[in-house]
Structures are given as structure tokens and as C-alpha cells.
Amino acid sequence: MRRISGLSSWIAGTEVRRAWQGRLGQALVCVMLAGCVCAQAPTAAQSGARSPVPAELGSVTQPMNRPAAKPHDDGFVIGNGDVLAINVWKQPDISRSLPVRSDGRISLPLVGEVQAAGRTPLKLEADITGRLQAYLTEPEVTVIVEKINSEKFNILGRVAKPGTYPLTDPTTVLDAIALAGGCRDFAKNKAIYILRVNPDGKESRIPFNYQNVIKGKNLEQNIMVQPHDTIVVP
């Protein structure tokens with residue numbers, strides 16, 4: 001009986017030792033796996049560096065686009081004194097800003113003398129483009145009127161500063177009188193009129209009652225001044 005009891009105790013102790021050995025082996029395996037994961041962690045993440053861009057993507061560049069052409073008012077006719085911005089794409093030596101001379105012409109490198117007055121910006125673009133085709137491949141020309149000096153109006157009579165004024169912005173008759181310094185003493189404010197040349201060449205006379213307009217009456221008389229109008233303050 002003592003032998004059987006001692007054998008049972010030996011077997012039980014052996015099973016306990018095997019259980020502890022199994023648990024110890026699992027713990028060692030976990031420690032080894034954790035070490036491998038830490039060793040394989042990317043250094044880029046530790047240093048905060050960005051991932052490298054693939055060579056085939058890094059070499060791609062954005063194509064250079066041609067400048068978008070600005071819309072023109074094809075009804076505008078260039079005149080003497082107007083300042084033009086002429087841009088030839090990729091040709092800075094030709095592109096420039098210049099006024100229209102008193103003879104109505106401008107001068108450009110390669111192009112030479114060009115008639116500008118009496119033409120619309122679109123027609124001037126076409127003329128310059130045609131002349132540059134002998135020197136450049138598919139020239140792209142843009143003509144923009146930077147400053148209008150050719151459109152003017154006159155104001156005469158009893159105003160502080162009679163004379164000729166450039167019509168660079170929308171201007172009413174009341175605005176024009178203010179630009180001229182206002183009416184002088186003894187001016188006939190109720191008998192002011194505008195002389196305007198019609199497309200048929202005939203001249204019309206448009207009345208303007210200054211006293212009524214500044215009081216808010218007959219506001220339809222406060223018309224927009226047109227190029228070459230003459231305002232008379234008797």
C-alpha cells in the first residue's frame with residue numbers, strides 16, 4: 001500500500017511539473033514574438049518622416065496652360081490716346097503696354113507699324129497675329145484696352161471749369177456738371193441742353209432742367225453722357 005501511495009504522489013508531481021513547463025514555454029514564445037514585432041516596426045513612423053513618393057508619380061509635372069482670353073466688347077472702337085495692353089503668349093519681348101499715337105498707329109517688334117485707331121480690339125488682334133505668323137508658330141495675341149482716352153465729352157458755358165473731359169466711366173449729365181465744378185452764378189439752370197450727333201449725322205438738342213433734377217423731378221432728363229456730347233450751360 002505504501003508503494004502504491006508513493007507512486008501516486010510521484011505521478012501527481014510529474015503532472016504538476018509538466019503544467020508549469022507548458023505555461024513557461026508559452027510565456028517565452030509571447031516575449032519572442034513581441035520582440036520581433038518591435039524590431040520590424042518602420043523607422044519612418046518613428047522619425048515622423050513621410051512615405052517616399054513613387055518615382056513614376058514624382059516625375060509627373062502639371063502641363064502649362066495657355067492664358068484664358070478675356071472677353072471683348074466688340075462694339076468698342078480704339079481711338080487716339082487709348083492705352084493698349086498687348087500680350088503675345090510666351091513672348092515677353094513683344095508683349096507690352098503702349099498708347100495709340102496721334103496718327104492712330106502703334107509699333108511692335110517684328111510687327112512694325114500697325115493701324116490701331118478705328119479698329120476693335122478683336123480686329124487688331126487678328127492683324128497682329130497675321131503679321132507674327134511669319135516669325136512664330138501659332139502666335140497667341142490678346143489686346144486689352146487698359147485706359148480709354150479717346151472717348152470724351154465737352155461742357156461749355158457758365159460752369160467753373162469748362163472744357164473737354166475723358167469719358168472713362170459711366171457719367172450722367174449731373175455728374176458731368178459736377179466734374180466741371182458746378183454751375184456759376186447767373187447760369188440759366190433750367191435751360192441747360194445737350195448737343196448730340198446721331199448716327200445719321202444729324203444733331204439733336206436734349207433739354208436738361210438742373211433745378212428739377214436736383215429736386216428729384218424729371219429724373220429721366222439725367223441721361224448718360226455719350227462720347228462727343230456737348231453740354232451747354234447758358
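The values are calculated or read from the model by the stated rules, or taken from the named source; none is laboratory data. All values reported here derive from a predicted model rather than from experimental measurement. Cβ atoms come from the backbone with ideal geometry, glycine included; neighbour counts cover every protein chain shown.
Under the condition of being of a type in the set (A, V, I, L, M, F, W, C) and out of contact with any Cys (no Cβ under 9 Å at 6 or more places or on another chain), which residue from the range 191-218 is surrounded by the most Cβ atoms within 10 Å (Cβ to Cβ)?
Taking the range 191-218 and keeping what is of a type in the set (A, V, I, L, M, F, W, C), we get 191-192, 194-195, 197, 206, 208, 213-214.
So of that shortlist, the ones also out of contact with any Cys (no Cβ under 9 Å at 6 or more places or on another chain) come out as 191, 194-195, 197, 206, 208, 213-214.
Numbers: A191: 14, I194: 21, L195: 15, V197: 14, I206: 14, F208: 24, V213: 20, I214: 12.
The residue in question is F208.
Can we say V100 is under 27 Å from the mean Cα position of the chain (by Cα), within 18 Å of V77 (Cα to Cα) and in contact (Cβ under 8 Å) with a residue 12 or more places away in the chain? Can you show your working first?
Values: under 27 Å from the mean Cα position of the chain (by Cα): yes; within 18 Å of V77 (Cα to Cα): yes; in contact (Cβ under 8 Å) with a residue 12 or more places away in the chain: yes.
Judged against the criteria, V100 is a match.
Residues are listed down the side, and each one gets a yes or a no for (1) in a loop (DSSP other than H, G, I, E, B); (2) at pLDDT 95 or above; (3) of a type in the set (D, E):
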| position | (1), (2), (3) |
| --- | --- |
| I128 | no, yes, no |
| P139 | yes, yes, no |
| S150 | yes, no, no |
| I177 | no, yes, no |
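Scan the range 184-229 residue by residue and report those that are acidic (D, E) and either farther than 17 Å from N154 by Cα or touching a Ser or Thr at 6+ places or on another chain (Cβ under 6 Å) (or both).
Residues satisfying the conditions are D185, D200, E220.
Inspect all residues belonging to the range 54-69 and state whether any of them is surrounded by 12 or more Cβ atoms within 10 Å (Cβ to Cβ), farther than 30 Å from H228 by Cβ, at pLDDT 55 or above and not assigned by TED's automatic domain parsing to the domain that holds P166.
If we filter the range 54-69 for residues that are surrounded by 12 or more Cβ atoms within 10 Å (Cβ to Cβ), which is where we start, we get 69.
Subsequent filtering for residues that are farther than 30 Å from H228 by Cβ retains 69.
When the remaining residues are screened for being at pLDDT 55 or above, the result is none.
No: zero hits.
Which of the following residues is among the hydrophobic types (A, V, I, L, M, F, W, C), closer than 14 Å to N149 by Cβ and touching a helix residue (DSSP H, G or I) at 6+ places or on another chain (Cβ under 9 Å): L84, L98, L108? Don't jump to the end; show me each part of the working.
On the way: L98 fails: touching a helix residue (DSSP H, G or I) at 6+ places or on another chain (Cβ under 9 Å); L108 fails: closer than 14 Å to N149 by Cβ.
Result of the check over L84, L98, L108: L84.
Given the criteria among the aromatic types (F, W, Y), more than 21 Å from G79 (Cα to Cα) and either part of a strand (DSSP E or B) or modelled with pLDDT under 95 (or both), does Y193 qualify?
Values: among the aromatic types (F, W, Y): yes; more than 21 Å from G79 (Cα to Cα): yes; either part of a strand (DSSP E or B) or modelled with pLDDT under 95 (or both): yes.
Criteria met by Y193.
Only one of (1) surrounded by fewer than 18 Cβ atoms within 10 Å (Cβ to Cβ); (2) of a type outside the set (K, R); (3) under 27 Å from T120 (Cβ atoms) is not met by V145, so which one is it?
It fails just one condition, (1).
I need a count of the residues in the range 163-175 that are in a loop (DSSP other than H, G, I, E, B) and buried (at least 17 other Cβ atoms within 10 Å of the Cβ). Lay out the reasoning, then the answer.
Kept after step one, since they are in a loop (DSSP other than H, G, I, E, B), are these residues of the range 163-175: 167-171.
Subset that is buried (at least 17 other Cβ atoms within 10 Å of the Cβ): 167, 171.
Number of matching residues: 2.
Criterion first (at pLDDT below 95 and closer than 21 Å to P99 by Cα) does L167 satisfy it? Can you show your working first?
Numbers: at pLDDT below 95: yes; closer than 21 Å to P99 by Cα: yes.
Against the criterion (at pLDDT below 95 and closer than 21 Å to P99 by Cα), L167 qualifies.
Counting only residues that are buried (at least 16 other Cβ atoms within 10 Å of the Cβ) and of a type in the set (K, R), how many does the range 101-122 have?
Filtering the range 101-122 for residues buried (at least 16 other Cβ atoms within 10 Å of the Cβ) gives 104, 106, 108, 111, 114, 116-117, 119-121.
Narrowing further to those that are of a type in the set (K, R): 119.
Selection size over the range 101-122: 1.
For the range 101-127, name all the residues that are of a type in the set (A, V, I, L, M, F, W, C) and touching a strand residue (DSSP E or B) at 6+ places or on another chain (Cβ under 6 Å).
Going through the range 101-127, the residues of a type in the set (A, V, I, L, M, F, W, C) turn out to be 106, 108, 110-111, 114, 116-117, 122, 124, 126.
I106, V114, A116, L124, listed by residue number.
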